[in-house]
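Written below as C-alpha cells is the structure these notes are about.
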Amino acid sequence: MSSRVKGILAGLIVLVILGVAAAVVLINRPEDSGDATVTTAATEPLTSRLIYDIDPAKILSIFITNETGSYDISRYSVDGRDLWSIEEYASLPLDSNFIVGIMTNVSTFTAARVVTDTPSDISVYGLAEPRAEVITLFDGGEMKDMLIGNPSPTAGETYVKLADDDTVYTIADAKVAKLLVSKNEAIAKTVYTPKQAASEEDTTPYARINKMTIDRSDLTYDIVIEYDRRKDDPDRIVSNQTLYQMTSPVTLDLDPDRAEPTIGTVFSLTASAVTAAFPDEATLAEYGFDEPFGSVKFDIVGGPFGMTFGNEIIGEDGKVTGRYCMVDDLDVIYEFTTDKLPWTTIKPLEITSSLVTANYIFDLDGVSITGSGFDEQFLQTGTSDEDFAVTHNGQNVADTQSYKTFYQFLLRLPAEELFLEDVSDEPVLTVHIYGEDIDDTLEFIHSDNRRTIVKYNGVTSFKIKTSYVNRLIDNIKLYNEGKPIVTTW
C-alpha cells in the first residue's frame, strides 16, 4: 500500500463545508449489463470488461493527483442532504457538472480492452510514473486506486491499471479527461446569473439594468447607461426604441441594434478559462490587476455585478483574443474572449442614436429660438392632429404642417462628433424645446474648420457641420416668409 493511501486512511477527518460552492449530486445511471462487445471506429471488435460498478452516492472522498497538482473532493452533510465539494474552493461557485462527471467516472470502471494480465514493464504504458492517480473512498471502507498512464495507440483510449492489480487496461479517453486537468476546471465559468422569478405571479423585471458604468484608462470620461425612466409613464410617447439611455459623457438614446451586446452580454457572460484562484500579489501584477485597464459595474434589479479588466490576451498570430478579468467578490482570475467584453472597446457614439434630441411633437408646450437676430416663440396646444394648434410670436398659425416640417428639421440635428471641452463663447443660436416633462436647450457655438460646437442642456457635447446651423438659420427665414422648409444641408 502506498504512503499516499496510508496517509488518507489514517488522516481522513470530517471537514466543515463553507456552503456557497458545494456541488449537489443527483445521479441516475442505467444498470450495467456486465461484459459487452463494442466496436471501435476502426471496426475492430473489442471486448469490454466491467471491472467494478459502485453507486456514486456512496463516495466519501476522491483524491486526485495529476500533472497540475493535487486536490480532494469530499462529501458533506448539510441539512440532511449529501453534498460534494472541493474544500479549498468552498468560497467559490463550482461547476456541479464537473464534480458530477468525476464522481460518475470514478464510481464505475469499464475497460475498453485488457492489454495484459502480466506486464513485464509498466513504464512502457506510462504507469510507472502515471499522469494521474485517483483514489476513491466509499462507504464501508472500500477503496479504489487507479493509475492513469499514456494515451494508447488506439485512438480514443488511454492506459490504466488499479494500484493493487497487475492487469493493464485501456479506457475511453472521455472517462479520464476530467481527471487529468487542473482543479481550476471545477470553478464555474458562468459568472453572472440574475435572480429568477419564483412564480408566474412574480413580474419583477430581474433582468433590467438600472445603471451601468464603464471606467477605462483609455477614456477621459465614464460611459454611463441608465434605464430610461420615461418608459414608466404609460401616457407618454417616447421615441427611444430601447429601455436605456446613455447619460455620460453625453445624454443620448441608444441604438437598439448597435447597443444590444453592451446591454445583453452580461446575462450570458461565461469565461473561456480560469487562470488562477486566490492569486497572490505577484500573480495579480502578472495579469495586470496592479494597474487595471478598467472596470464595468452593473446595478441590476436581479442583483449587482461588476468586473475588473486586466491585461489583454495575445494569440499566436499577435492579435488580441481576449482579456484577463476578475469578478467582484470572487478571488479568481478568468480569461474572457473579446466577444464577451464589449465594455472594453465600445465608444459612446458607436452604440447611440444619431439624433441629439427626439421629443414627440404632441408632448411639447413650445419651442423658442433666439440669436442671430431671431426671437421666435412657438406655443402649442393639443395632443393629436385633430386638436393641434400653434401660435408664432402671438399670432395663430394656420399652416401647422409647415411648423411640423420645421420641427422635424430640428429633430434631425445629428450627433456627429463627441466634443467635451468646455467653451464659454456666446452661441450664435439657442433653441429651447419644452413641455411638461421636457426641457431641452441646444446652444450652437461656431468653431473652426466649418464645424459648430453644440451644448446640450448646458453641457458641451458635440461638434457638427456648420452647414446644419446655416440651414437652420435659412429655414427660420423661409418659415417667416411662408416659403417651404428645406430639409437637407
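Values quoted throughout were computed directly from the atomic coordinates according to the rules given, and no laboratory measurement underlies them. Note that the coordinates shown come from a computational prediction; the quantities given were computed from them, not determined experimentally. Note that we place each Cβ from the backbone using ideal geometry, even for glycine, and neighbour counts take in every protein chain shown.
Which value does Rg/Rh take for the chain over its C-alpha atoms, Rh per Kirkwood? The partial results should precede the final answer.
Working: Rg = 33.8 Å, Rh = 28.4 Å.
Reported Rg/Rh (Cα atoms, Kirkwood Rh): 1.19.
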>> Which three numbers, in whole Å and largest first, are the semi-axes of the equivalent ellipsoid of the stretch 114-187 derived from its Cα gyration tensor as √(5λ)?
In response: 20, 17, 10
>> From the convex hull of the Cα coordinates of the stretch 344-411, what is the mean projected area in square nanometres?
In response: 6.5
> How far apart, in nm, are the 7 Å Cα→Cβ label points at residue 291 and residue 118?
Replying inline: 6.9
> How large is ³J(HN,Hα), in whole Hz, for each residue of the stretch 419-427 in order, when computed from phi with the Karplus curve 6.51 cos²θ - 1.76 cosθ + 1.60 and θ = phi - 60°, using x for Gly and Pro?
Replying inline: 9, 10, 6, 5, 10, 10, 5, 5, x
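How large is Rg/Rh for the stretch 157-231, to two decimals, with Cα atoms and a Kirkwood Rh?
Numbers: Rg = 25.1 Å, Rh = 18.8 Å.
Ratio of gyration radius to Kirkwood radius for the stretch 157-231: 1.34.
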> Which far-off residues, 5 or more places away or on another chain, put their amide H under 5 Å from the one on residue 187, with H placed in the peptide plane?
Replying inline: 95
> When the distances between all Cα atoms of the stretch 261-366 are binned every 5 Å from zero, what whole-number percent does each bin get?
Replying inline: 2, 10, 19, 20, 16, 11, 7, 5, 3, 3, 2, 1, 0
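For a distance above 18 Å, tell me the whole-number percent of Cα pairs in the stretch 197-307 that qualify. All intermediate terms of the calculation are to be shown ahead of the outcome.
Working: 3807 of 6105 pairs.
Counting every Cα pair in the stretch 197-307, those more than 18 Å apart make up 62 percent.
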> What's the angle, to the nearest 10 degrees (0 to 90), between helix 466-480's Cα axis and the longest principal axis of the chain?
Replying inline: 40
>> Checking the cross-link filter: which lysines have an alpha carbon closer than 25 Å to that of residue 297, excluding same-chain neighbours under 8 positions apart?
In response: 189, 195, 211, 231, 340, 347
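When 478, 254 are ordered from fewest to most other Cβ atoms inside 10 Å of their Cβ, what list results?
Values: 478 16, 254 22.
By the 10 Å Cβ count, ascending, the order reads 478, 254.
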> Can you list the aspartates and glutamates whose alpha carbon sits under 17 Å from that of residue 144, skipping same-chain ones fewer than 8 residues off?
Replying inline: 53, 55, 72, 133, 164, 165, 166
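Going by average Cβ density within 10 Å per residue, which order do the peptides 124-130, 182-188 take, highest to lowest?
On the way: 124-130: 16.4, 182-188: 20.1.
Packing order, densest peptide first, comes out as 182-188, 124-130.
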> Across the stretch 170-187, in residue order, what do the Karplus-derived ³J(HN,Hα) couplings come to in whole Hz, using 6.51 cos²θ - 1.76 cosθ + 1.60 with θ = phi - 60° and x for Gly and Pro?
Replying inline: 10, 9, 4, 3, 4, 6, 10, 4, 5, 7, 9, 9, 5, 5, 4, 5, 7, 6
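Starting from the coordinates of the alpha-carbon atoms of the stretch 96-238, obtain the Kirkwood hydrodynamic radius over all distinct pairs and give the value in Å to one decimal. Provide the component values of the computation, followed by the final result.
On the way: mean 1/r = 0.0492 Å⁻¹.
By the Kirkwood definition, the hydrodynamic radius is 20.3 Å.
With viscosity set to 0.890 mPa s and temperature to 25 °C, compute the Stokes-Einstein D of the stretch 382-461, Rh being the Kirkwood radius across alpha carbon pairs; µm²/s, no decimals.
Details: Rh = 14.8 Å.
For these conditions, the coefficient is 166 µm²/s.
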>> Within the stretch 386-489, count lysine pairs with alpha carbon atoms under 21 angstrom apart where the residues are 8 or more positions apart or belong to different chains.
In response: 5
>> To test your reading of the geometry: what angle, between 0 and 90 degrees and rounded to tens, separates the Cα axis of helix 400-411 from the longest principal axis of the chain?
In response: 50
> Using a basic spin-label model with each label point 7 Å from the Cα along Cα→Cβ, how many nm lie between residue 368 and residue 339?
Replying inline: 5.3
> Do the sum for the chain: with -39,500 (n - 2.57) for every DSSP H run of n ≥ 4, divided by all residues, what is the mean residue ellipticity at 222 nm, to the nearest 500 deg cm²/dmol?
Replying inline: -3500 deg cm²/dmol
> Which cross-chain or sequence-distant (5 or more) residues have an amide H under 5 Å from the amide H of residue 255, H modelled 1.01 Å from N in plane?
Replying inline: 352, 353
>> Amide H of residue 417 versus every other amide H placed in the peptide plane: which residues, excluding those fewer than 5 positions away on the same chain, fall under 5 Å?
In response: 463
